[in-house]
Amino acid sequence: MCGIIGYVGFRNAREILLEGLKRLDYRGYDSAGIGLISDKLIVYKEVGEIEKLEKQVPAINTTAGIGHTRWATHGGVTKANAHPHTDCKKKIAVVHNGIIENFKELREELINRGHKFTSDTDTEVVAHLVEEAYDGCLEKAVSSAIKKLKGSYALAFVSKDEPDKIVAARKESPLVIGVGDNEYFVASDIPAFLKYTNRVIYIEDGEKCILSRKGVKIFDENDKEIEKDINVVDWSIEEAEKAGFSHYMLKEIYEQPRSIADSFRGRIYEKEPHVTLNVDVEVPESITIVACGTSFYAGLAGKYMFEEIADIPTKTELSSEYRYLGRKDETGLIIAISQSGETADTLAAVRGAKKYGCKVLAITNVVGSSLTRIADYTILTRCGPEIGVAATKTFTAQLLMLLMLALDMGLKKGTIEDARVEEYITHIKKLPSYIQYVLNRNEEIKRIAEEIKDKETVFFIGRGINYPLALEGALKLKEISYIHAEGFAAGELKHGPFALLTEETPVVAVVARDKTYEKMLANIREVKARNSPVVAIADEKDMDVESYVDEVIRYPVTPPVISCIPIAVVLQLLAYHAANLRGCPIDKPRNLAKSVTVE
Ligand code: M6R
């Protein structure tokens, strides 16, 4: 997730772009750059926060330009990889948010035709494609270039030869136009320009637009000019940064159809090789996963995936305990999962493992984080920054990365048939719609949250791969609502926790119609025998469950491993609404930090 901005008007573009980028830095902030245009094109880039860029850009007075704040997905955090990217002649500049899936092929073709590349990014191919198609009309060249792109993009271009014009295009990445008086803005999000105008036009997939001082023209995917409504937003800048949601956590929950698509984009195929995670890791004899908190629960689910799909013995250990555990197996692979890549306990566990000669694969959301620098291999979850302290979109992406890695290893090891992998791939592609199915049940989940919001204790139970989901559901609820919550393997209740059950203790049961189903129903009956209210999270076709429980929240029918992801979203919404109804400070719960950098 990166942020883009473009401005054409009468004000100083340097100021507008830098200010807009600061407002967009919640979308990423590992590097930033601007391209100012007058009789020449001048590009400035800097690694680090926008303020560093600001110090470097002299006080030039131009009235048009584009800018970018980056969250790296292709290519490390370097000045060369920062946007804008330019063509060989440095006449055309582009900023991009999204992922160009076929950039490797395009780059090779362009190099063969003599183009010189200066970065490792997927974006740079776009500048060179536009250069090839350019004959004095930027919009025509952009139209022709984007036809060659596979993937997602919000793009904004300027050309030295047409200094009064910005051309922008969108496919599956957000893009919005700000309409001022004799000035126009284009950006990933409204806060970038809200100080200057609250009149906006939302650009849809396949649409392109041309901004000049005279106005905005919008075109559909067949290059036919179209009329679009101007909407007036009455948000404050703070509200706009949360896209109108009351909390970052809720915004991030709702981002998941998009974030999960970004996580698998360009990495899965119906046909062989099926999965390409671009890590050259050999299939190990065994795996040890180390992680903390929510990432640890993703790791627990990963154990089920690696053992079932790839038949690789897997242990999942808390990073903070790993060092005290006996034997370290240097023939095994260590997988360290960390959203931030900065969690001190996980870094210590990884350093310890490396001393024993283990290879380490990191799964993280933050390129260039300490974890990526220590690890031998890295898989990025590509969610964009997560601001709410409670992990949401990064958890579902971690689950997906573990599943894709297990499929890859299973294929290499021959423990899973091609047809089954194809089935998984089909379902992975549908994940955005599976998540949307749950988001559409938001009001129903809110109603059920009303029922638990005043309880002292809530239990979460699950079996098999849904046991870690129960643990995560409990963690989510306790950390943001301050309700005491515990997660249990459903079979364990009778070994002690039953003593705590009363009719005032709701039990949230994650039910899957897999090999655990009958046993799970039996556990629910045992709970009901103690008169505790039961909320089942069950698939949409499971009608039997209704007769045993008080409430059912539905998720779509999918293979059990896939269903973890929509189930996680149910648990996130349940925790969110309970906390919100209790008036808790959801994005910054007491005593907690987003990144825990002390052991
Ligand atoms: O950045 P990490 O994934 O390493 O963080 C680990 C935990 O601190 C984190 O998952 C924490 O439990 C979550 N914020 C809970 O929602």
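Axis angle, to the nearest 10 degrees, between helix 13-23 and the longest C-alpha principal axis of the chain: 0 degrees. For the chain, the longest principal axis of the Cα atoms and the long axis of helix 560-581 meet at an angle of about 90 degrees.
How much length is gained if the chain between residue 226 and residue 270 is pulled fully straight, taking 0.36 nm per residue apart and subtracting their Cα-Cα distance, in nm to one decimal?
Values: separation 44, 0.36 × 44 = 15.84 nm, distance 3.61 nm.
Value of the extension gain: 12.2 nm.
If the segment from residue 104 to residue 199 were pulled out straight at 0.36 nm per residue, it would be longer than the present Cα-Cα gap by 30.3 nm.
Normalised by the residues of the chain, what does the relative contact order come to in percent, with Cα pairs under 8 Å and at least six apart?
Working: 1383 pairs, mean separation 64.7, N = 599.
11 percent.
Summarising the amide proton neighbourhood of residue 151: residues at separation of 5 or more, or on other chains, whose placed amide H is nearer than 5 Å comprise 101. Expressed as a whole percent, the accessible surface of the range 441-599 that belongs to carbon and sulfur atoms is 49, based on a 1.4 Å probe.
Work out the FRET efficiency for residue 541 and residue 111 from their Cβ-Cβ distance, taking R0 = 56 Å, and round it to the nearest 0.05.
Numbers: r = 52 Å, r/R0 = 0.92.
Calculated value: 0.60.
Normalising the average separation of contacting C-alpha pairs (under 8 angstrom, six or more residues apart) by the number of residues puts the relative contact order of the range 91-205 at 25 percent.
With Cα atoms defining each centre, the range 263-341 and the range 192-252 are spaced 40 Å apart in the structure. Stretching the chain fully between residue 282 and residue 597 yields a gain of 110.3 nm (0.36 nm per residue, less the alpha carbon separation).
Straight-line reach from residue 515: taking Cα to Cα under 15 Å and skipping same-chain neighbours fewer than 8 places apart, the aspartates and glutamates in range are 308, 539, 542. For the range 190-206, 3J(HN,Hα) computed residue by residue from phi via the Karplus equation (6.51, -1.76, 1.60; θ = phi - 60°) reads 4, x, 4, 10, 4, 4, 9, 7, 10, 9, 10, 10, 8, 8, 9, 4, x Hz, glycine and proline entered as x. Going by a ≥ b ≥ c, the root eigenvalues of the Cα gyration tensor, does the range 99-152 fall in the rounded group (a/c under 1.5), the prolate group (a/b larger than b/c) or the oblate group? Note, shape of the range 99-152 comes out oblate.
Which pairs break 32 Å Cα to Cα here: 446/588; 429/494; 79/478; 328/528?
Values: 446/588 21 Å; 429/494 39 Å; 79/478 42 Å; 328/528 44 Å.
Violating the 32 Å limit, Cα to Cα: 429/494; 79/478; 328/528.
Excluding ligands, DNA and RNA, the accessible surface per residue across the chain is 39 Å² with a 1.4 Å probe. Here the 3J(HN,Hα) profile of the range 263-274, calculated from phi with Karplus coefficients 6.51, -1.76 and 1.60 at θ = phi - 60°, is 5, 9, 4, x, 10, 10, 9, 4, 9, 4, x, 6 Hz, Gly and Pro shown as x. Would you compute the Debye intensity of the range 54-191 from its alpha-carbon atoms alone, equal scatterers and no solvent, and pass along log10 I(q)/I(0) at q = 0.10, 0.12, 0.18 Å⁻¹ to two decimals? Debye output, listed in q order: -0.31, -0.46, -1.07. Put a dot 7 Å past the Cα of residue 245, heading toward its Cβ, do the same for residue 429, and the two dots end up 2.7 nm apart. Taking label positions 7 Å along the Cα-Cβ direction at both residue 80 and residue 233, the computed distance is 3.7 nm, reported to one decimal. Each residue of the range 528-543 was assigned a 3J(HN,Hα) from its phi angle through the Karplus curve 6.51 cos²θ - 1.76 cosθ + 1.60 (θ = phi - 60°); the sequence is 4, 5, 9, 6, 7, x, 10, 10, 8, 9, 9, 6, 5, 9, 7, 8 Hz, with glycine and proline shown as x.
Taking other residues whose beta carbon is less than 13 angstrom from the beta carbon of residue 493, and scoring Lys, Arg as +1 and Asp, Glu as -1, yields +3. Distance distribution P(r), the chain, all Cα-Cα pairs, bin width 10 angstrom from 0: 3, 17, 25, 25, 18, 9, 3, 0 percent.
Here's how it looks for residue 359: its modeled amide H is under 5 Å from those of 334, which are all 5 or more places away or on a different chain. Legend: distances between Cα atoms for 45/214; 315/541; 251/453; 171/430; pairs beyond 26 Å are 45/214; 315/541. Close amide H partners of residue 508, meaning residues 5 or more places away or on another chain with modelled amide H under 5 Å apart, are 459, 460, 461, 535.
Return a whole-number percent for the relative contact order of the range 242-438, with Cα pairs under 8 Å and 6 or more residues apart as the contact set.
Working: 350 pairs, mean separation 58.0, N = 197.
Rounded, it is 29 percent for the range 242-438.
The values are calculated or read from the model by the stated rules, or taken from the named source; none is laboratory data. Only a predicted model underlies this, so the values are computations on that prediction, with no experimental measurement involved. A quick note on method: Cβ atoms are made from the backbone with ideal geometry, for glycine too, and the neighbour counts reach across all protein chains shown. These accessible areas exclude ligands, DNA and RNA; they are computed on the full protein's heavy atoms, side chains included. Shrake-Rupley method; radii C 1.70, N 1.55, O 1.52, S 1.80 Å.
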